[in-house]
Structures are given as C-alpha cells and as structure tokens.
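First up is the structure itself, then whatever we jot down about it.
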Amino acid sequence: MQNTDVTIVGGGSAGLTLALLLARQQLRVVLVEKGPAPADAAPDLSQEYQRVSALNMASRNLFQQLGIWPQLLAGAAAYTDMQVWEADSFAKIGFSAVEQQLEALGYICDNEHIRQLLYRQLQQYSNVQCYFDVAISQLKQGEREVMLQLDNSELILSQLLVGADGVNSFVRQHMQLPLTHWDYQHTAIVAKIRCTEPHQLTARQVFLNSGPLALLPLPEPDLCSIVWSAETAEAGRLMALDDTAFNQALCAASQAVLGPVALVSERQTFGLTMRYASSWQRGRVVLVADAAHSIHPLAGQGMNLGLMDVAALAQLISEQREAGDDIAAPKMLRRYERWRKAEAQSMIVAMEAFKRGFTAKPALLKLLRGAGLVAADKLPWLKQQLMAHALGLKGDLPDIVKKPLNVTGPLADA
Ligand SMILES: Cc1cc2nc3c(=O)[nH]c(=O)nc-3n(C[C@H](O)[C@H](O)[C@H](O)COP(=O)(O)OP(=O)(O)OC[C@H]3O[C@@H](n4cnc5c(N)ncnc54)[C@H](O)[C@@H]3O)c2cc1C
C-alpha cells in the first residue's frame, strides 16, 4: 500500500504538467496512465503522422517556467502570421507578430514531444511515482482519502485524486459527475502534407461551407499539418477518396494557397463533440482539462485551456499548503471549479459562435460576415482584442503564467 498526497489519473499533456507543478511543491505524487510511457527519442516531424497542437503564449510561459521550453521550441514551428478567410467571399483577416511586436503568434508543437519533455523533467523528482500500462480496478472515496486499486495489485491512498484522463474520463464516469454534450456534427480529418509553395511560418484557416480547414506550418518550410473539419457526411466522402483525389480536393479547398499539395501521412479522423461536465469535483476528486471539457478544434484552444486548468489547480493547492490547510478542502476545490468553469464556458460559447457564424449559408449573412471581417481587419483596437484572446493573454490567468508575460507593444493594454 502506498500513501501519497495527490494521485493523477491520465498522463497526457494535462496530467504530466500537473504532476510536474506539484512535484516542484515537494508534494508526493502518483501518476497512473493506461498507455505506455513516452518514448525517449524526440519524434521526427517529417515522418509519419503525429498529432500537433497550436500552443499560445500563456502555455509557452507555463512550459518556460517548467524548464522544457527551449527543447520544445527547437522542434516546433513558431508561426509569425495568421490568415483567416472565407471561401467564395471577400471576407478575410490577417494578423502578424511584427504588428504586435511579438516574436511569434503561436507555436505548432508535437503532442508526443510535449509529453516526452514533461516526463523527462518529472523523472528528476524522487517524490513522483509513475505507473504506465496499468488499469484501474477500483476507485473508492472515503472521508479523509481516496483509494485507488490498480490491476497490478498496487493500492494507493491519496488526499486528492485528479481525473486528467481525457474526453472519455473513467474518473468522471465513475464519480457520476454529470456531463452536458452535443455533437458538433463535424469530423476532423488530420494529416501531414507537403506543399509546393513554402508556408512562410503562416497559420492559415479557410472557412468552407462544410466547415473550417486549417493549414498549420511545421518546422520544415514545405510541410504542414492539416485539420479539416467538415460535416460528418462530407468528411466520410473525403476519407473515401484515394490519396490523389484527396490531394486535389485539398488543393481546391485551400484555394491553392500553397500550390498543389501531397499527403505524406495517413489521414486520421476525430469525431467532434462539445463536452462539459456540470460538476468538476466531488469530495476529494476533481477533474481537469479534457476530462472536464472538450471543444471544437477550430481555434486550437483545447490543450491551452487544459494547461491553464492544471496551473490554476496547482496554484490553489500551493495556497492551501501555505495556509496549513487540507489540499482537498471542498472550499478550495469549489473555487477552482468556479474559476476554470468561467474560462471554459466563454471558450465553448466563442467556439459555437464561430462555428455557427461561419456555417450559416444565407447570402445576406455571408455578406455581413465578409463586411465584419474586412472591417475588423482595419480596426487595430478590435484586432488587438481578438489577438489577445488567441494568445491566451485575456481572462483570469494563473500566476505562474502571468509573471513572465512581459508583453510590450500594442497588446500590453489590450
Ligand atoms: C483534431 C484536433 C486538433 C486539436 N488541435 C489543438 C490545437 O491546435 N491546440 C490546442 O490547444 N488543442 C488542440 N486540440 C485539443 C487537445 O488535443 C486536447 O485538448 C488535449 O490533448 C487534451 O489533453 P488531456 O491531457 O486533457 O487529455 P489526453 O491527451 O486525451 O490525455 C488523457 C490521458 O489519459 C489516459 N487515460 C484515459 N483513461 C485512463 C484510465 N482509465 N486510466 C489511466 N489513464 C487513462 C489516456 O491514455 C491519455 O494518455 C485538438 C484536438 C483535436 C481532436
């Protein structure tokens, strides 16, 4: 039997980041992951498909504080420009890092590379124990502790248990924390492509009638990762195409902005569902990141949101300890829940507005959309507000992210 302070179920980006944040506070931490440990070798982004995420400035600051940023940046694409437009319309808007006096607008990072670097850092702490390739056989909540039994017969007693186990969270289901969800009726096709024209470190997104298509630059100048979200029937049709026909469809959909393109990986699909747990905590159990909420990937904010959840939770735990209080006190967990629910809700509403706004087909709406985007493109104040949200500089940020922001230039007052 093992006694610990915090048990984290799930070793994705959120679970590993939380483990590291708590390890630095000298807490005893156990992390339980049903999959394998991250590999030692850095992934080769020019090889087969790997999932990537656009990280914003707030997440960059978090990883900087955790000491993994230089290595992560070395394998990432720091994009300096962003172009968003609507197909068959004059609607378009552009953003540039130079305009905002920033080094980049965001960073396309490999998900597995993030996990590897976090895990490597975590291995330096003797107060952390990680179990990989294990399943949970029992989870029971008592008044003073939570009991977790693993299928390797390990028994773990902890003061606090965190569910960081993703969209189909076992912890959320086991604790019967109610979930609101709706199907976006979109499926995302993700793949890696080689382009004829260099991407010039520009992230591009075109809104098509059936949904948004994102072309995200990778470190090689002619490699991009695509996230093509389409109505599910249309995604099925695209998936049924052979590679040559798919390449042609992709080139046409992107209006040949990067010239003819060719798949260099298989295509993977993700059904898109909005999920939002109406309760994030019960007793000594609390949810973070995708276990608590999942959103449409059109603005690339899901991971960023989850990372801010764990930074917020770690901050409140630290404050409890400084005050000599229980690290799973209901009052503190409710405070965490209120704080992060507010941020998640505004993101869910924004994603829905974007999705509905851009998929509304009547001609008049299309005209208004076009006029709105063109006007926004010419209004520096409005652009700065939009940009500050995308960079993760808005809202109630955890301290660890705020401290090193040091944003100067026009965004400082946005
Ligand atoms: C197509 C697509 C594109 C996206 N692009 C972006 C983007 O550009 N930017 C961005 O910020 N976000 C993006 N996201 C969202 C982002 O991928 C997720 O928000 C993020 O990966 C969630 O991290 P997590 O740690 O909460 O969950 P996960 O990464 O799902 O990790 C959960 C972990 O828990 C483990 N687990 C599950 N059940 C158990 C169990 N019973 N016991 C033990 N372990 C368990 C799993 O094996 C997994 O390792 C995108 C999502 C999609 C679908």
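Every number here is computed from the coordinates shown, using simple stated rules; none is lab data. Predicted model, so just to flag it, every value in this text is computed and none were measured. Virtual Cβ from ideal backbone geometry, glycine too; neighbours counted across all protein chains shown.
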Of Phe132, Phe63, Phe95, the one that fluctuates the most in a GNM where the chain has Cα springs shorter than 10 Å: Phe132
Cross-link partners of Lys34 among aspartates and glutamates (Cα-Cα below 13 Å; sequence separation of 8 or more within a chain): Asp133, Asp151, Asp165
The range 164-271 - Rg and Dmax from Cα coordinates, angstrom: 16.3, 51
Förster-model FRET efficiency, 30 Å R0, Ala233 and Gln200, C-beta, rounded to 0.05: 0.30
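Treating only the Cβ of Lys, Arg, Asp and Glu as charged (+1, +1, -1, -1), what charge dipole size does the chain show about its Cα centre? Round to the nearest 20 debye.
Its charge dipole is roughly 1040 debye.
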Cβ crowding within 10 Å averaged over residues, with 302-308, 278-284 ranked highest first: 302-308, 278-284
Across Lys331/Lys383; Lys192/Lys341; Lys331/Lys394; Lys341/Lys402, pairs whose alpha-carbon gap is larger than 30 Å: Lys331/Lys383; Lys192/Lys341
Extended-chain gain in nm, criterion 0.36 nm per residue less alpha-carbon gap, Ala342 and Gln71: 94.3 nm
Eligible aspartates and glutamates near Lys92 by straight Cα distance, threshold 19 Å, same-chain separation 8 or greater: Asp81, Asp377
Highest average packing first - 344-350, 34-40, Cβ atoms within 10 Å: 344-350, 34-40
Per residue convex hull volume, Cα atoms of the range 187-234, in Å³: 67
Test item: Cα-centred dipole of the range 1-153, Lys/Arg +1 and Asp/Glu -1 on Cβ, debye: 520
Helical segments meeting 27 Å axial Cα length and Kyte-Doolittle -1.0 threshold in the chain (DSSP H): 302-322, 330-359
Bins of 10 Å from zero: percent of alpha-carbon pairs in the chain: 5, 22, 31, 26, 13, 4, 0
Residues Asn111 and Lys394, FRET efficiency given R0 of 22 Å [Cβ-Cβ distance, rounded to 0.05]: 0.35
Reciprocal of mean inverse Cα separation for the range 120-194 (Kirkwood radius, Å): 15.8
Cα-based equivalent ellipsoid of the range 282-321: semi-axis lengths in Å, sorted from largest, via gyration tensor: 23, 13, 4
